[in-house]
1. Within segment 74-109, can you find the residues that are touching a residue at least 40 places away in the same chain (Cβ under 8 Å) and surrounded by fewer than 20 Cβ atoms within 10 Å (Cβ to Cβ)?
2. Do we find a residue being in contact with an Asp or Glu (Cβ under 9 Å, 6 or more places away or on another chain) and either open to solvent by 50 Å² or more (accessible area, probe 1.4 Å) or at pLDDT below 85 (or both) anywhere in segment 568-582?
3. Kindly indicate which of Ala142, Ala166 is among the hydrophobic types (A, V, I, L, M, F, W, C), over 27 Å from Asp48 (Cβ atoms) and surrounded by fewer than 22 Cβ atoms within 10 Å (Cβ to Cβ).
4. Given the options Thr341, Thr404, name the one that is within 24 Å of Asp118 (Cα to Cα), modelled with pLDDT of 80 or more and surrounded by fewer than 19 Cβ atoms within 10 Å (Cβ to Cβ).
5. Test Met117 against the criterion of being buried (at least 23 other Cβ atoms within 10 Å of the Cβ) and aliphatic (A, V, I, L, M), and give yes or no.
6. Let me confirm something: among Asn91, Asn46, Asn41, Asn82, which residue is more than 30 Å from Leu158 (Cα to Cα), within 32 Å of the chain's Cα centre (by Cα) and not hydroxyl-bearing (Ser, Thr, Tyr)?
7. Of all residues being open to solvent by less than 70 Å² (accessible area, probe 1.4 Å) and charged (D, E, K, R) in segment 214-234, which is modelled with the lowest pLDDT? Just the residue, please.
8. What's the total number of residues in segment 316-344 that are assigned to a strand (DSSP E or B) and in contact with a helix residue (DSSP H, G or I) (Cβ under 9 Å, 6 or more places away or on another chain)?
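The values are calculated or read from the model by the stated rules, or taken from the named source; none is laboratory data. Predicted, not measured: the structure shown is a model, and the values here were computed from it. Cβ placement follows ideal geometry from the backbone for every residue including glycine, while neighbour counts extend to all protein chains displayed. These accessible areas exclude ligands, DNA and RNA; they are computed on the full protein's heavy atoms, side chains included. Shrake-Rupley method; radii C 1.70, N 1.55, O 1.52, S 1.80 Å.
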Amino acid sequence: MLVFACRTLVLCILLAIWPMSNMAIAQDVSLLPKYGSLPKNEDLLNADKTFIAGIDKLYKGDRKKAAEEVSARGWKLLRQGNTQDALRRFNLAWLLDTTNGSAIWGMAAIQATAGKMDESLKLFAEAECILGSDIDFSADYAKALGTAGVQAGDDSLLRDAFIRFARLYKRAPQHTLNLQNWAITLFSVGSYTEAWKKIQLAEATPRHSELDQNFIADLKRKIHGIPSQDSDTSKIETCAGYARELVGKQKGQEWNAVAGKIKSTCPGTGFECTSYSDHPEKSKCEPFFYDGSDTFFKERRIGSQKSSQDRIQKDRFVVAGDEVYDRQTDRTWKRCNYGQTWDADNKWCAGITKFLPIGQVSLNFDSKDDGWRLPDKDELISFLEVACTFKDPKDHDIFPEVKTRDSYATSNQLGDAAVWAGDCFGIRGNVFGLRKQHPVIIRLVRQGQHTDAIINDQTTGPYPRGNSSSAIHKDRFSLSEGEVYDRQTDRIWKRCIYGQTWDSQMHQCKGVIKHVPIGQAVSETKGVGDGWRIPKQEELMSLMAEVCKYGSDEEKEIFGDIRMFDKYATSTQNGDSHLIAVDCFGKASNWAGVGYQFPVIIRLIREGK
């Protein structure tokens with residue numbers, strides 16, 4: 001007993017000294033999960049070494065045991081409402097043992113409480129690989145998914161949460177908090193009757209005294225139609241304000257991704273509000289109710305109109321079970337993330353997405369059977385450029401589970417310490433460098449079309465892509481398969497972006513667009529021949545001034561792949577270390593000087609007819 005008391009005293013001293021020394025150097029680092037996964041300076045590293053040396057001496061090198069006790073102290077502080085010191089303890093436990101699931105769970109719970117749901121869900125997913133069999137953890141994870149789904153109006157997250165609640169109930173019908181979390185999520189989407197059924201089940205469990213009586217009182221008021229302290233008017237204003245705030249954030253951070261409106265299902269209000277970025281007078285709020293049925297999300301995805309998936313599939317994709325063939329790039333993608341399998345009955349991805357350190361990913365998948373492999377960064381962008389743009393939940397059936405800020409692995413190295421990864425930046429695909437220890441998701445790809453996809457491809461012929469002679473063709477442009485002649489400038493443009501080729505049968509560009517550092521663009525394309533070259537600034541600006549303002553589908557078929565903020569290479573210098581790149585800024589052409597390493601796409605040009 002004396003030995004235990006001494007060890008406890010020494011541990012308390014170590015835990016007290018480390019944060020104080022660390023906070024004096026960088027106060028915020030200890031309040032970020034895993035210290036923000038950022039490089040530490042020399043003083044912080046020395047503080048870590050001193051702490052770990054003391055722990056090793058105290059626990060005789062058993063860091064796992066030490067991490068368990070430090071994490072347990074974190075949970076005690078968290079239950080007392082001291083989230084800052086709790087997070088410091090969880091960080092220290094993780095520092096001692098990066099596989100300590102309890103510490104990662106604690107970080108996830110704190111992020112969820114702070115409303116940082118994206119960060120929370122990533123931590124929960126990581127912890128699930130370690131604590132998947134822990135019922136309390138599973139109940140907490142399901143609650144976080146439900147909260148995130150309600151806040152973001154994301155049907156896929158809500159569906160996942162409700163499936164988990166039901167699965168946990170079958171496994172542990174007496175688990176009080178799972179039933180309460182289930183009820184809270186149902187309440188948040190307006191399904192009060194179903195929420196009450198779950199509370200009745202919870203009140204019959206041994207731990208019913210732990211139920212939140214304030215929540216139950218609010219639920220009873222809803223069931224019996226008794227007005228709460230907040231009127232519907234104030235709830236609508238609360239929800240409308242939240243939607244307006246989302247628009248403001250988008251315009252401040254990713255304003256190019258705002259496609260007219262933001263729709264938000266607001267927690268605890270029962271309303272779904274839409275706010276328009278450019279027309280705030282059109283904003284509106286409507287009641288949102290979940291009817292509690294198993295078919296709710298499926299019906300909502302299918303809707304009353306014919307699914308736009310039919311059009312998307314015919315234009316570009318062939319869906320065959322757990323695979324999706326992309327006609328444009330001649331690649332076949334796994335329909336689900338690594339760790340999941342395709343559920344044919346529910347038409348969704350089942351299972352748990354696995355997060356792996358990006359530096360270890362290639363070791364796991366370079367020798368994958370049947371040609372499955374990691375995509376390179378250009379292939380990944382070709383995938384994300386479609387998956388990120390889906391707005392209608394029906395469309396997400398093609399590539400489920402693609403969410404903003406989920407980082408996907410590629411096979412491309414970026415120096416010695418980092419690897420290229422990709423994600424959705426609003427409605428655009430984006431690539432960036434990540435340190436090799438950063439956890440990422442894997443979506444596998446392989447060359448060509450699978451036999452099952454060929455069998456399921458019911459196309460009867462090519463789908464013409466606008467080779468007609470519209471007015472704009474006659475006024476300025478004339479088309480000749482993969483080339484476009486510009487009468488105004490007496491130049492010929494490649495109809496497809498570098499990396500693609502013109503498919504004369506399908507009347508569209510096929511292949512994977514290449515993204516090239518602008519400083520290498522000229523040397524990269526020298527072998528094309530026949531006078532094809534990188535355009536000058538004035539040549540490209542002249543073209544983009546016309547095509548950036550395209551409105552009709554017929555016009556877009558001339559250069560159908562022009563998108564806002566895609567930067568095109570020119571050969572025009574801008575000082576000693578920059579070249580001019582051109583893009584569409586709204587409906588106008590725009591130029592900017594970019595460094596030699598800036599990734600761009602290339603549209604080739606040549607002289608005369």
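1. Gln84, Asp85 - these are the residues of segment 74-109 that are touching a residue at least 40 places away in the same chain (Cβ under 8 Å) and surrounded by fewer than 20 Cβ atoms within 10 Å (Cβ to Cβ).
2. Checking segment 568-582: not a single residue is in contact with an Asp or Glu (Cβ under 9 Å, 6 or more places away or on another chain) and either open to solvent by 50 Å² or more (accessible area, probe 1.4 Å) or at pLDDT below 85 (or both).
3. Ala166
4. The match here is Thr341.
5. Answer is no for this residue.
6. Going through Asn91, Asn46, Asn41, Asn82 in turn, the sole match is Asn41.
7. Residue satisfying both the conditions and the ranking: Lys222.
8. Counting residues in segment 316-344 that are assigned to a strand (DSSP E or B) and in contact with a helix residue (DSSP H, G or I) (Cβ under 9 Å, 6 or more places away or on another chain) gives 11.
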